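Some notes on the structure that comes next.
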Amino acid sequence: MATFNQRDINRRDLLKAFAAVGLAASAPSLFASNSPKKRIGVALLGLGYYSRDLLAPALQLTQHCYLAGIVTGSPEKIPLWQKQYGLLDYNIYNYDNMHELANNPDIDVVYVVTPTGTHKKFTEIAANAGKHVWCEKPMAMDAKECQAMIDVCKKNKVQLTIGYRMQHEQNTQRIMQFAKQKPYGNIQTIIAEAGYNGTGASYSWRADPKLGGGAMYDMGVYPLNAARYTAGEEPVAVTARMNSTTPVYKDVDETTEFELEFASGAHAKCATSYARSMNHLRADCEKGWYELKPFQSYSGVQGRTSDGIILPPSPHNQQARQMDNDALAILNKSPVLVPGEEGMKDIVILESIFKAAKTGKRVVL
């Protein structure tokens, strides 16, 4: 049992307060007492692993939204999805006729779950059909595409939210609160690492630079976004190194290491890889430290602090919590937790990371 002084007790009380309120102040809650009666109809666009094994099952757990339809370029998948989820024929679309969603009141949201290089195209079609857009991260290939996505959604008066599920996760929200409250003093160093050994995986689009392949686009936004929300400020400069040793990744980065400098003096050391398994977020501060390990897994995100406080895993399904929060933002006409502008900030920095790696020089943001 850890021994606490008065300063430690304040930290402990702060953590207890977060747990008691479920961090309701920092995000819309799927346990809101004034839950609307209507449920938001969601169409999943792209029926790969993430939609099939995570989003569709999570939509069976949500309170404020449900799986209403699908948009797919693989017609052979349609019978299985209809059988499993009872989807009606008129809620099934392909990439060529999805503009006809404009005539379908059953579907309120199109959730874009395809490779990054296609996000702008599908977001524009969905928004022009009058549908809200939930878009998986990373948001787009470059800042210009991000801005176009933001503009088309504003033009059509629909919400655009980026699928940073971690920002909806309970322990991650505690880390974000630490950035504001500074219970361990000013942050000095951040470590953020996310990667997996993909040597035996199906490479598919992950080796295609035009579709957003490579570790930095695919996994790198986890440590990048984490460094930003852990610091609670935007970086002012970046340095980076990239390499690829596996032949299939000759056109993309297999591993990227990058460092972010912040105006406060904090420094983030980040890494992402298809060749190394890593899943760790840590902040070293003036008066202690705290960490999440793992910090971006689909479940089991947990952590601890230097004074012995345990941050246990949340029992909530991450994808269900994310989609319920985003559905509530639509129903309540309130700001989304992770808007397009947040996704664009990462892409602006990501572009500078590639520039720094290519030139070998420090890039000022």
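The values are calculated or read from the model by the stated rules, or taken from the named source; none is laboratory data. Quick caveat, the model's predicted, so the values are computed rather than measured. Virtual Cβ from ideal backbone geometry, glycine too; neighbours counted across all protein chains shown.
Condition (residue is part of a helix (DSSP H, G or I), at pLDDT below 95 and either at negative phi or of a type in the set (Lys, Arg) (or both)) applied to the stretch 185-206: is it met by at least one residue?
yes
Among the residues of the stretch 263-278, is any modelled with pLDDT of 95 or more, among the β-branched types (Val, Ile, Thr) and outside any helix (DSSP H, G or I)?
Taking every residue of the stretch 263-278 in turn, at least one turns out to be modelled with pLDDT of 95 or more, among the β-branched types (Val, Ile, Thr) and outside any helix (DSSP H, G or I).
Any residue in the stretch 291-301 that is acidic (Asp, Glu) and within 19 Å of the chain's Cα centre (by Cα)?
Checking the stretch 291-301: at least one residue is acidic (Asp, Glu) and within 19 Å of the chain's Cα centre (by Cα).
Assess whether Asn5 counts as being out of contact with any Asp or Glu (no Cβ under 6 Å at 6 or more places or on another chain) and modelled with pLDDT under 95.
Taking the combined requirement at face value, the residue satisfies it.
Quick check on my filter: what residues within the stretch 318-351 are surrounded by 19 or more Cβ atoms within 10 Å (Cβ to Cβ) and polar (S, T, N, Q)?
Those that are surrounded by 19 or more Cβ atoms within 10 Å (Cβ to Cβ) and polar (S, T, N, Q): Gln318, Gln319, Gln322, Asn325.
I need a count of the residues in the stretch 113-143 that are under 18 Å from the mean Cα position of the chain (by Cα), more than 14 Å from Leu211 (Cα to Cα) and surrounded by 23 or more Cβ atoms within 10 Å (Cβ to Cβ).
Result for the stretch 113-143: 5.
Please enumerate the residues belonging to the stretch 46-94 that are at positive phi and either surrounded by fewer than 18 Cβ atoms within 10 Å (Cβ to Cβ) or aliphatic (A, V, I, L, M) (or both).
Gly86
Given the criterion closer than 19 Å to Asn225 by Cβ and either free of Cβ contacts under 8 Å to residues at least 60 places away in the same chain or of a type in the set (Phe, Trp, Tyr) (or both), identify the matching residue among Pro315, Pro339, Pro335.
Criteria check complete, one pass: Pro335.
Out of all the residues in the stretch 164-213, which are over 21 Å from the mean Cα position of the chain (by Cα), crowded, with 18+ Cβ neighbours inside 10 Å and not hydrophobic (A, V, I, L, M, F, W, C)?
Once the filter is applied, which keeps residues that are over 21 Å from the mean Cα position of the chain (by Cα), crowded, with 18+ Cβ neighbours inside 10 Å and not hydrophobic (A, V, I, L, M, F, W, C), the stretch 164-213 yields Pro183, Tyr184.
Taking into account only those residues within the stretch 121-138 that are in contact (Cβ under 8 Å) with a residue 40 or more places away in the chain and part of a strand (DSSP E or B), which is farthest from Asp106 (Cα to Cα)?
If we take residues in the stretch 121-138 being in contact (Cβ under 8 Å) with a residue 40 or more places away in the chain and part of a strand (DSSP E or B), then Cys135 is farthest from Asp106 (Cα to Cα).
Out of curiosity, is Phe258 in a loop (DSSP other than H, G, I, E, B), assigned by TED's automatic domain parsing to the domain that holds Gly195 and crowded, with 18+ Cβ neighbours inside 10 Å?
So Phe258 does not fit the description; no.
With the requirement that a residue be on the phi < 0 side of the Ramachandran plot and surrounded by fewer than 15 Cβ atoms within 10 Å (Cβ to Cβ), what does the stretch 306-317 give you?
Listed by number, the residues that qualify are Ile310, Pro312, Pro315.
Among (1) part of a loop (DSSP other than H, G, I, E, B); (2) in contact with a Pro (Cβ under 9 Å, 6 or more places away or on another chain), there is one condition Gly343 misses while meeting the rest; what is its number?
(1)
Every residue in the stretch 269-305 that is surrounded by 20 or more Cβ atoms within 10 Å (Cβ to Cβ), farther than 15 Å from Met176 by Cα and aliphatic (A, V, I, L, M), please.
Ala271
From Asn156, Asn97, grab the single residue that is surrounded by fewer than 17 Cβ atoms within 10 Å (Cβ to Cβ) and either under 16 Å from Val338 (Cα atoms) or not hydrophobic (A, V, I, L, M, F, W, C) (or both).
Asn97
Would you confirm whether or not the stretch 67-82 contains a residue that is within 16 Å of Ile107 (Cα to Cα), hydrophobic (A, V, I, L, M, F, W, C) and over 26 Å from the mean Cα position of the chain (by Cα)?
no
Looking only at the stretch 58-89, count how many residues are part of a helix (DSSP H, G or I) and aromatic (Phe, Trp, Tyr).
Qualifying residue count, the stretch 58-89: 2.
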